[in-house]
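The block underneath contains the structure these notes are about, expressed in structure tokens.
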Amino acid sequence: MKKRKPLKLAKTTPRLSVCMIVKNEEEMLPKCLESIREVADEIIIVDTGSTDNTVAIAESFGAKVYFHPWEKDFSKHRNQSLSYATGDWILQIDADETLEPESKNELKRLLRQAPKDVNGFFVQIHDYRSNGQKNVVFNFARLYRNGVGVHYEGIVHNQVIIPGKVLFCNVRLNHYGYDLEPEKMKWKYKRVLTLLKKQLKQDPKNYFTLYNLANTYSMSGKPEKAIFWGEKTLEVLRRQKRASLLYVGVYYPIITSYIHLKNYQKAREYCQEAIKIFPYYLDGYYQLTRVDFIEQKFTDVLRNAEKYHQVREYLLADLSRIEFLNLYTFSLDFRVNYWMGVGKLGLGAPAEADKFFQKAFDSPLFDKSLALEMIHNISIVERGEILYTWLQKVVDRFKNNQSFVFDLLHDLKLNHGAEVLRPFFERDKVKHQFQTTEFLHATWHYFHDELASAEKLFQAVPSDSPYFLDAQIKLVLIKRNLNQISQAITICRKLLDSDMEKQTKVSINIELVKLLLDNQELEEASRQWQNVWRLNKKSREVLLFGIEIHWKTGQYELAVNFAAKLLEELGLPCPQQLDSLEEFADLLDRIGKRLLQYKEFDLAERAYQIATLVHPDHLPANLYLARANLKQKNYSQTLQHLQQVLMLEPANRDALNLLREINFSVGSPK
């Protein structure tokens with residue numbers, strides 16, 4: 001009798017437990033659970049106090065839900081979720097994340113083929129903004145064996161401790177949790193900062209905590225604090241014999257904060273230091289290119305941009321090369337191409353510039369804000385055929401957003417006068433395009449200084465049109481230009497009584513404040529300003545009007561206080577005291593110059609107007625306002641400001657040159 005061969009049992013795929021902690025995640029949880037439904041053998045959820053539909057949603061996906069009250073300790077609750085897992089492997093995921101569909105088969109393969117001596121895998125985390133732009137890419141250990149002693153440490157930004165070998169893999173999670181509504185983000189940052197400060201008290205030299213403080217302050221818009229904690233992190237790290245590549249990432253909040261504060265030299269130094277530590281630090285090359293672009297060092301722009309592209313290609317070929325480093329600029333290659341285009345244009349190579357502009361333009365992430373910036377900067381460097389070619393392309397791309405087209409042209413007119421638009425409007429295609437709707441036809445007349453015709457056409461936009469609200473807002477602009485302030489105020493009040501998005505309402509409210517101030521209705525202006533101030537206490541525009549309102553109503557100390565707040569928001573130092581009206585006007589001059597750097601020309605002009613209100617003889621303010629009014633062909637206002645300057649300095653060369661320009665423009669005798 002033949003001896004039978006022993007039966008071989010089919011090798012089964014190890015079971016996978018997906019573990020989560022949640023609280024009030026009804027908005028994002030369904031998408032997350034749907035993404036892991038096919039790969040999870042069980043879903044373990046620890047709920048820390050949800051009051052919405054989170055639990056019901058979880059149970060509808062078959063999750064096992066366990067209830068533990070929130071104890072302000074992320075690691076404790078993560079470890080609780082692990083304790084309930086019965087699978088061979090655990091995947092940790094958050095409610096604001098999804099498993100990339102293409103990663104499902106890779107995940108199953110890893111579970112089947114993982115070597116026995118491997119206890120975990122670093123997965124790729126890709127963080128996205130709501131517009132689809134990839135914000136940051138990094139590797140993090142999220143997949144690990146059950147029962148080998150894996151646990152979490154740290155009350156916030158917890159770290160997972162995995163005994164044994166951990167490898168990199170191509171499984172990918174997509175994260176969406178850092179692009180929420182402003183109020184939700186504010187709450188999130190506040191919660192994280194509270195826990196980080198508690199953690200720092202327990203261990204003041206914990207450089208992981210210091211690193212996260214720098215990042216959190218940077219993301220919450222507090223550059224000085226980001227720099228303080230970032231440099232503190234570097235102090236501690238420099239005393240270590242070695243540290244993880246992760247901590248090269250602390251340079252990012254330091255660099256971006258120095259750029260925000262306009263300290264480009266410091267930003268450049270930190271970029272170079274970071275690249276010296278890690279030669280493939282993509283974000284360092286990106287920020288170097290950015291600083292070169294701001295400072296118009298076009299040769300350096302091209303050199304560092306080329307290096308950025310080379311490093312990006314090298315890292316994308318194998319993301320394990322970044323180890324645990326967070327990189328924020330993988331998806332910003334389109335912006336680097338735009339900078340290269342301006343660089344080529346600045347060096348006198350328009351044909352090559354055109355190729356780089358096209359690369360940027362072809363990106364799905366090329367949006368209205370970049371289009372506006374690109375046209376603005378092309379117009380500064382070169383106002384030849386390339387400007388009108390790209391203006392045409394941008395208008396064609398965004399032709400269905402007619403209000404944006406108006407704003408685009410308005411920016412050019414503000415910066416260069418109406419003359420810059422004439423070659424564009426002479427194109428046959430443009431002539432046809434701007435006759436197709438009432439809104440575009442009105443736009444045509446507006447930029448030909450035919451305000452009465454523009455007014456009639458904007459008024460003709462029907463109330464059921466998607467452009468009705470925009471048309472009404474443009475009517476306010478026309479009424480202001482025609483000095484029909486009371487009528488403009490009436491339109492704003494009617495608009496504020498209608499339903500609209502919060503941000504649009506805020507913008508109209510600010511416009512109403514501006515009009516009321518110009519109409520000397522100070523009491524009503526103050527009331528309306530208070531409404532806006534309650535909604536947005538960091539808006540530069542709101543702070544600037546706070547200065548003007550309090551000065552005009554005789555509340556001088558409050559005016560100075562709001563100037564101090566605006567200086568802080570602009571990243572400018574604030575003097576300890578002011579000893580004269582001239583010093584306060586000088587301070588407003590600094591505010592005006594910084595607003596010009598931010599390309600906020602209307603606000604800059606307002607700052608200079610307030611400076612002349614404070615100190616009518618302030619020479620820099622009068623000179624700026626003379627130039628601004630001359631550009632807008634407001635010759636009487638230009639002459640008033642020049643007269644003020646020439647009374648103080650009869651031989652002032654700038655004022656005399658402006659006077660000659662007026663004489664030339666209006667054909668007056670010298």
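The values are calculated or read from the model by the stated rules, or taken from the named source; none is laboratory data. This is a predicted model, so every value here is computed, not measured. We place every Cβ from the backbone using ideal geometry, glycine too, and count neighbours over all the protein chains shown. For accessibility, only protein heavy atoms count, side chains too; no ligands or nucleic acids. Shrake-Rupley method; radii C 1.70, N 1.55, O 1.52, S 1.80 Å.
Tell me which residues, restricted to segment 336-352, are more than 20 Å from V291 (Cβ to Cβ) and not acidic (D, E). Even if it seems obvious, please write down each step before you answer.
Going through segment 336-352, the residues more than 20 Å from V291 (Cβ to Cβ) turn out to be 348-352.
Within segment 336-352, G348, A349, P350, A351 qualify.
For segment 1-91, please list each of the strands (runs of 3 or more DSSP E) lying entirely inside it that holds at least 3 residues being at pLDDT 95 or above and buried (at least 18 other Cβ atoms within 10 Å of the Cβ). Before you say what the answer is, go through the steps one by one.
Values: elements: 16-22, 42-47, 64-67.
In segment 1-91, 16-22, 42-47 are the strands (runs of 3 or more DSSP E) which contain 3 or more residues that are at pLDDT 95 or above and buried (at least 18 other Cβ atoms within 10 Å of the Cβ).
Just give me the residues in segment 552-571 being under 17 Å from K225 (Cα atoms) and touching a residue at least 60 places away in the same chain (Cβ under 8 Å), in sequence order. If the condition is that a residue be under 17 Å from K225 (Cα atoms) and touching a residue at least 60 places away in the same chain (Cβ under 8 Å), then G571 is the only one that fits.
Condition test on L345, is it touching a residue at least 12 places away in the same chain (Cβ under 8 Å), surrounded by fewer than 20 Cβ atoms within 10 Å (Cβ to Cβ) and over 24 Å from the mean Cα position of the chain (by Cα)? In short, no. Total residues in segment 451-469 satisfying the condition of being part of a helix (DSSP H, G or I) and either open to solvent by less than 30 Å² (accessible area, probe 1.4 Å) or over 15 Å from Q402 (Cα atoms) (or both): the figure is 8.
Of the residues making up segment 632-649, none is over 27 Å from Y264 (Cα atoms), acidic (D, E) and at pLDDT below 90. The set of residues in segment 371-389 that are under 24 Å from the mean Cα position of the chain (by Cα) and open to solvent by less than 50 Å² (accessible area, probe 1.4 Å) comprises A371, M374, I375, H376, N377, I378, S379.
R109 meets each of the listed conditions (1) charged (D, E, K, R); (2) under 28 Å from P364 (Cα atoms); (3) not in a loop (DSSP other than H, G, I, E, B) apart from (2). Look at D579 and say whether it is at pLDDT below 90 and out of contact with any Leu (no Cβ under 8 Å at 6 or more places or on another chain). Against the criterion (at pLDDT below 90 and out of contact with any Leu (no Cβ under 8 Å at 6 or more places or on another chain)), D579 qualifies.
Answer with yes or no whether L482 is surrounded by 16 or more Cβ atoms within 10 Å (Cβ to Cβ), on the phi < 0 side of the Ramachandran plot and of a type in the set (A, V, I, L, M). Even if it seems obvious, please write down each step before you answer.
Details: surrounded by 16 or more Cβ atoms within 10 Å (Cβ to Cβ): no; on the phi < 0 side of the Ramachandran plot: yes; of a type in the set (A, V, I, L, M): yes.
No, not satisfied.
Pairing residues of segment 33-46 that are over 13 Å from M20 (Cβ atoms) with residues that are open to solvent by 10 Å² or more (accessible area, probe 1.4 Å) and hydrophobic (A, V, I, L, M, F, W, C), at Cβ distances under 8 Å and at least 6 apart in sequence or on separate chains, gives E34/F61; R37/F61.
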